[in-house]
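Below is one structure, written out as structure tokens; the observations come after it.
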Amino acid sequence: MMVQEKVSQTTEVKVGDIVTGTVEQILPYGAFVRLSTGQKAMIHISELAYEYVKKVEDILKLQQAVEAKVIKIDERSRIDLSVKQIQARTERPRQQRGAALTGDDFEKKLASFMKASDQKFTDMNKKNKESPGSKPRGKK
């Protein structure tokens, strides 16, 4: 009967799924979560937020309900979750609004960059020609 349980558990969630669960245990390196499917999963401290997290307790509390994305299931059926990958999904539209450029804006930025780049190359070449050590070696 144990074997059947394991087989049915591994098919319940898959990589890419968004799952919900309850924080059962907090350790220095992450938190263990009991999923709504009954399976146990872990969220590593590096997958809690995009900014630096000093302590797991700064983000999660015991018995807290949490939503996360399944990012890995290893050969021993251990499930790894990520909270920050869900955050990225909701924050991305705000980032895209700021990055959206009209054709004219892009052309202006590109022209400005090219001008600055050309100027840097000109200055660099001028310095190389003026420096005393710039004479070719070998032939006198």
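The values are calculated or read from the model by the stated rules, or taken from the named source; none is laboratory data. Since the structure is predicted, the reported quantities are computational estimates derived from the model, not experimental observations.
Determine, yes or no, whether Gln85 is modelled with pLDDT under 85 and assigned to a helix (DSSP H, G or I).
When the stated conditions are applied, Gln85 does not pass them.
In segment 38-79, which residues are of a type in the set (Lys, Arg), more than 17 Å from the chain's Cα centre (by Cα) and within 22 Å of Gly16 (Cα to Cα)?
Scanning segment 38-79 gives Lys40, Arg76, Arg78.
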